[in-house]
Amino acid sequence: MVAASLAALEAFGLLVLGVLEVANLRAARLTMGVTTSIFFLAAAGGLAWCAWSLWKARRWARGPVVMVQLIQLGLAWNFRDVWSVLLPVALALAALLVIAGLLHPATTRVLEEDARPA
């Protein structure tokens, strides 16, 4: 499933950001660095869990992953004026691909099979 794979890659990106934040902790901004690290690492873990759950066709995971993608679209819009156009385009493209994959009728069919009585 492409959407689950892309969500897992996004989780890996958040993990990298969390590790980089830990690596750059400084006494002058210790509280901000620690809380930001915890946020990135927790977000990475949550998104990875949801991506794995999507891979296992658990329908509950679709909502949180769509929410993350909507937030990512907002981030892409906010980064539209940064030095490189690649970052916002990559963020937006990944988010749109994941949303399209999660809302595709074939995906909906697979996720709804989990809810049908045997």
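Each value in this text was obtained by applying a stated rule to the coordinates, not by laboratory testing. This is a predicted model, so every value here is computed, not measured. Counting neighbours? That spans all protein chains shown, and the Cβs are built from the backbone with ideal geometry, glycine included.
If I stretch the segment between residue 78 and residue 35 completely, what's the gain in nm (0.36 nm per residue apart, minus their alpha carbon distance), one decimal?
On the way: separation 43, 0.36 × 43 = 15.48 nm, distance 2.22 nm.
Fully extending the segment from residue 78 to residue 35 adds 13.3 nm.
At each listed q (0.17, 0.20, 0.25, 0.29 Å⁻¹), what is the log10 of I(q)/I(0) that the Debye formula gives for the stretch 49-118 modelled as equal alpha-carbon point scatterers?
Listed by q, the Debye log ratios stand at -0.65, -0.79, -1.03, -1.21.
Quick one: net charge around residue 91, please, counting Lys, Arg +1 and Asp, Glu -1 for every other residue with C-beta under 13 Å from its C-beta. Write down the numbers at each step before the final one.
Details: positive: 80; negative: 10.
After counting each charged neighbour, the total is 0.
For the chain, what D do you get in µm² per second when you plug the Kirkwood radius from alpha-carbon pairs into Stokes-Einstein at 37 °C and 0.692 mPa s? Don't skip to the answer; put the middle values down first.
Details: Rh = 15.3 Å.
The Stokes-Einstein estimate is 214 µm²/s.
How many angstrom separate the Cα center of the stretch 57-89 from the Cα center of the stretch 5-54?
Cα centroid of the stretch 57-89 versus Cα centroid of the stretch 5-54: 15 Å apart.
Are there DSSP H segments in the chain that both extend 30 Å or more along their axis (alpha-carbon positions) and score a mean Kyte-Doolittle hydropathy of at least 1.6? List them, or say none. Spell out each step's value before the answer.
Details: long enough: 2-23 (31 Å, 2.03); 30-55 (37 Å, 1.36).
Helices meeting the criterion: 2-23.
Starting from the exponent 0.38 and prefactor 2.2 Å, build the expected Rg for the stretch 9-55 from its residue count and divide its actual Cα Rg by it. It would help to have the intermediate numbers written out before the result.
Values: Rg = 11.9 Å, N = 47, 2.2 N^0.38 = 9.5 Å.
This ratio for the stretch 9-55 stands at 1.25.
Ranked highest first by the average count of other Cβ atoms within 10 Å around their residues, in what order do 34-46, 17-29 fall?
Values: 34-46: 15.6, 17-29: 12.5.
Going from most to least packed, we get 34-46, 17-29.
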